[in-house]
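Participant: Would you mind keeping the following structure in view while I ask a few things?
The values are calculated or read from the model by the stated rules, or taken from the named source; none is laboratory data. Being a predicted model, the structure only gives us computed values, none of them experimental. Backbone-built Cβ (ideal geometry, glycine too); neighbour counts: all protein chains shown.
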Amino acid sequence: MSENNTRRPEKKYVAFGILHVGFSIIGLYITIATLDSVAFLHASPPGAVKSYYVMTIANVLLIALLGVAGYQLLRRGSAGTSFSKWICLSEVCYILLLPVLWLLPGLRPSVIPVTGIANVGLMVQGAGLYPLISLVMLTRF
């Protein structure tokens, strides 16, 4: 019998890989499911439609990249952590940037009405602090 020389990733990387992919699938599903609810935007202030699409594209991009990072963790184990940490850090920065956008007088009227619906897929993770927990666990432990 031939011996299989492929190494399996540690359980930690498999667990976070599965969580990354799971959050990615759930986030993309929720985002796609809410795309038809943009009818309210036409009654919103000027710039709200553009803000919605910019925020939704950023949301989808981060969620899709989290799925790729999860796949990397599942396939490569510790070798996939660097990409995963950058994506999680990007998500944390994006989530922290949203309240700052509310404070900018020029953007405030167009950002406030769409923040929730444009970021619903990412907020599934953000509400449980998953990007931050993942970042810490993959860096420290």
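Participant: Would you check if residue 14 is in contact with a Phe, Trp or Tyr (Cβ under 6 Å, 6 or more places away or on another chain), surrounded by 14 or more Cβ atoms within 10 Å (Cβ to Cβ) and among the hydrophobic types (A, V, I, L, M, F, W, C)? So that I can check it myself, show each step before the final result.
Facilitator: Working: in contact with a Phe, Trp or Tyr (Cβ under 6 Å, 6 or more places away or on another chain): no; surrounded by 14 or more Cβ atoms within 10 Å (Cβ to Cβ): yes; among the hydrophobic types (A, V, I, L, M, F, W, C): yes.
When the stated conditions are applied, residue 14 does not pass them.
Participant: So is residue 24 over 24 Å from residue 100 (Cα atoms), hydroxyl-bearing (Ser, Thr, Tyr) and over 16 Å from the mean Cα position of the chain (by Cα) or not? Please lay out each step first, then the result.
Facilitator: Values: over 24 Å from residue 100 (Cα atoms): yes; hydroxyl-bearing (Ser, Thr, Tyr): yes; over 16 Å from the mean Cα position of the chain (by Cα): no.
So residue 24 fails the test.
Participant: Any idea which residue in the range 84-122 is surrounded by the fewest Cβ atoms within 10 Å (Cβ to Cβ), counting only those that are under 12 Å from residue 52 (Cα atoms), aliphatic (A, V, I, L, M) and touching a Phe, Trp or Tyr at 6+ places or on another chain (Cβ under 9 Å)?
Facilitator: Selected residue: 112.
Participant: Working carefully through the options 116, 121, find the one that is modelled with pLDDT under 90, within 22 Å of residue 37 (Cβ to Cβ), part of a helix (DSSP H, G or I) and within 13 Å of the chain's Cα centre (by Cα). Before you say what the answer is, go through the steps one by one.
Facilitator: Working: 116 fails: within 13 Å of the chain's Cα centre (by Cα).
After ruling out the rest, the residue left standing is 121.
Participant: Any residue in the range 23-37 that is in contact with a helix residue (DSSP H, G or I) (Cβ under 9 Å, 6 or more places away or on another chain), within 20 Å of residue 141 (Cβ to Cβ) and at pLDDT 85 or above? If you could, list the steps in order and put the result at the bottom.
Facilitator: So the first thing to find is which residues in the range 23-37 are in contact with a helix residue (DSSP H, G or I) (Cβ under 9 Å, 6 or more places away or on another chain), and the list is 23-35, 37.
Then keep just the ones that are within 20 Å of residue 141 (Cβ to Cβ); that gives 23.
If we keep only those that are at pLDDT 85 or above as well, we get 23.
Yes; the residues of the range 23-37 include at least one that is in contact with a helix residue (DSSP H, G or I) (Cβ under 9 Å, 6 or more places away or on another chain), within 20 Å of residue 141 (Cβ to Cβ) and at pLDDT 85 or above.
Participant: Do the conditions hold for residue 17, that is, is it under 26 Å from residue 107 (Cβ atoms), out of contact with any His (no Cβ under 6 Å at 6 or more places or on another chain), among the small types (Gly, Ala, Ser) and part of a helix (DSSP H, G or I)?
Facilitator: no
Participant: For the structure I just gave you, tell me whether residue 134 is in a helix (DSSP H, G or I) and touching a His at 6+ places or on another chain (Cβ under 8 Å). Spell out the reasoning first.
Facilitator: Numbers: in a helix (DSSP H, G or I): yes; touching a His at 6+ places or on another chain (Cβ under 8 Å): yes.
Taking the combined requirement at face value, the residue satisfies it.
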